[in-house]
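*Asks:* One structure follows; several queries about it will come next.
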Amino acid sequence: MSNFESLSKAVIAGNVGQAAEITKNALDLGARPMDILNLGLLPGMAVVGDRFKKGDMFVPEVLMAARVMQSCMEILKPMLVDEEVPSAGTVVIGTVKGDLHDIGKNLVAMMLESAGFRVVNLGVDVPPEKFASAIREHKPHILGMSALLTTTMLRMKDTIELLEEEGLRDKVKVIVGGAPVTRDFSEEIRADGYAPDAASAAELAKQIVGFSVSS
Ligand code: B12
C-alpha cells in the first residue's frame, strides 16, 4: 500500500497519531505537501463523506476524521505558506451562522495564505453582524463565506443584504463556496465570485485583486 493510501485509511479510521506519522514520514521522503493533501487526505475525506451519506458512518466517527484532517493540515501549513510572499491583500473568511463545518474553509484560508494574502479567519457559526464588523475593522479586499448545509447557505444572502443595508457592500468583493453552493446560487445572491475548491479560490482571489488594482 502506498503512503498516500495509508494516509487515506488513517483519515477514514480517525487515527490522528498514525496519520500525523505518515504525513511527517512522507515529507521526510520528499513528498510534496500538495500531493499529501490531494492524494492522501482529501480522498480519505471523500470516502468519509460517502459513507456518512449512506448511513455507514456516524457523526462521532466523522468528527474523528475531521480531527485527523485538521492536525495533518497543521503539519503541512508551514510548508504550504511561504512567509516571504508579500501581502497580496486581506481576506476575511468564515463559515456562516448555524454551520459548524470548517475543514474546507480552513483549507481555502491556507491556500489564500500561501498565495500571499493576509487572512482573518472568523471561525464557524458567524452571524452577518460579525462579518459586517470584521469588514469595518480589517477593511479587507475580499470577504469569503463558506456553507456546507443547504439550510445555512441562505445565510450568505442575509449577510450580503446586511452589507448592502450598512453601506459596506461596495467596499468588498464577496466570494462564496462550500459543497452545496453553485455558481448559479452565487449569482442569485449577488456575490462577486464562486470557486469549487481551495486552489481555484486562491486563483479567484488573485484575479479579483488584480482587477481591482488595474480598475
Ligand atoms: C466532516 C463533516 C461533518 C463534521 C464537520 C467537522 C468540521 N470540523 O468541519 C461534523 C461531524 C461536525 C458534521 C456535522 C453535521 N453535518 Co456534516 N459533513 C461532513 C462531510 C462528511 C465532509 C465535509 C468536508 O469537510 N469536506 C472536505 C472539504 C475539504 O470539502 P468542502 O467542505 O466541500 O470544501 C471545499 C469546497 O467546497 C470549497 N470551499 C469551501 N468553503 C469555501 C469558501 C469559499 C469562499 C470558497 C471560494 C470555496 C470554499 O473549497 C474547499 C476545499 O477544496 C460532509 C459530506 C460532503 N460530501 O461534503 C457532510 C455534510 C456536509 N454534513 C451534513 C449534515 C446533514 C450534517 C449534520 C446536520 C448532521 C447531524 N445530523 O448532526 C451536522 C450539522 C452540524 C452543523 N450545524 O454544521 C450533510 C449536509 C446535507 C445538506 N444538503 O445540507 C453532508 C453533505 C453529508 C450528507 N451527505 O448527508 N459534518
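The values are calculated or read from the model by the stated rules, or taken from the named source; none is laboratory data. Small disclaimer: the values here were computed from a predicted structure and weren't measured. Because the Cβ atoms are built from the backbone with ideal geometry, glycine has one as well, and the counts that use them run over all protein chains shown.
*Asks:* How about region 132-152: which of its residues are more than 8 Å from the ligand (Cβ to nearest atom) and under 16 Å from the mean Cα position of the chain (by Cα)? Quick ask: steps written out before the conclusion?
*Replies:* Filtering region 132-152 down to residues more than 8 Å from the ligand (Cβ to nearest atom) leaves 132-143.
Passing the criteria: 142, 143.
*Asks:* Okay, moving on. With the checklist (1) free of Cβ contacts under 8 Å to residues at least 60 places away in the same chain; (2) in contact with a strand residue (DSSP E or B) (Cβ under 6 Å, 6 or more places away or on another chain); (3) β-branched (Val, Ile, Thr) in hand, flag the one item residue 208 doesn't pass.
*Replies:* The single condition residue 208 does not satisfy is (1).
*Asks:* Continuing with the same structure: With region 1-101 as the region, which helices (runs of 4 or more DSSP H) entirely inside it contain at least 2 residues that are of a type in the set (D, E, K, R) and within 17 Å of the chain's Cα centre (by Cα)? Talk me through it step by step, then tell me what you get.
*Replies:* Details: elements: 3-13, 16-28, 42-54, 59-80.
The helices (runs of 4 or more DSSP H) meeting that bar are 59-80.
*Asks:* While we're on this one: Across region 88-111, which residue is nearest to the ligand (Cβ to nearest atom) among those that are surrounded by 24 or more Cβ atoms within 10 Å (Cβ to Cβ) and either of a type in the set (D, E, K, R) or over 18 Å from residue 205 (Cβ atoms) (or both)?
*Replies:* My answer is 105.
*Asks:* Any idea which of 173, 206 is within 21 Å of residue 89 (Cβ to Cβ), surrounded by 14 or more Cβ atoms within 10 Å (Cβ to Cβ) and at pLDDT below 95? Working first, answer last.
*Replies:* Details: 173 fails: at pLDDT below 95.
When all the criteria are applied, what remains is 206.
*Asks:* Suppose the filter is surrounded by 13 or more Cβ atoms within 10 Å (Cβ to Cβ) and either within 9 Å of the ligand (Cβ to nearest atom) or in the same structural domain as residue 124 (by TED's automatic domain parsing) (or both); does residue 74 pass it? Can you show your working first?
*Replies:* On the way: surrounded by 13 or more Cβ atoms within 10 Å (Cβ to Cβ): yes; either within 9 Å of the ligand (Cβ to nearest atom) or in the same structural domain as residue 124 (by TED's automatic domain parsing) (or both): no.
No.
*Asks:* Can you tell which of 56, 50 is among the charged types (D, E, K, R), surrounded by fewer than 19 Cβ atoms within 10 Å (Cβ to Cβ) and either within 15 Å of residue 9 (Cα to Cα) or within 8 Å of the ligand (Cβ to nearest atom) (or both)?
*Replies:* Values: 56 fails: either within 15 Å of residue 9 (Cα to Cα) or within 8 Å of the ligand (Cβ to nearest atom) (or both).
One residue alone meets the criteria, 50.
*Asks:* Of the residues that sit in region 112-128 and are over 14 Å from residue 152 (Cα atoms) and either among the hydroxyl-bearing types (Ser, Thr, Tyr) or near the ligand (Cβ under 10 Å from one of its atoms) (or both), which one is nearest to the chain's Cα centre (by Cα)?
*Replies:* Of region 112-128, the ones over 14 Å from residue 152 (Cα atoms) are 112-123.
Pick out the ones that are also either among the hydroxyl-bearing types (Ser, Thr, Tyr) or near the ligand (Cβ under 10 Å from one of its atoms) (or both) and you get 112, 114.
Details: 112: 9, 114: 13 Å.
If we take residues in region 112-128 being over 14 Å from residue 152 (Cα atoms) and either among the hydroxyl-bearing types (Ser, Thr, Tyr) or near the ligand (Cβ under 10 Å from one of its atoms) (or both), then 112 is nearest to the chain's Cα centre (by Cα).
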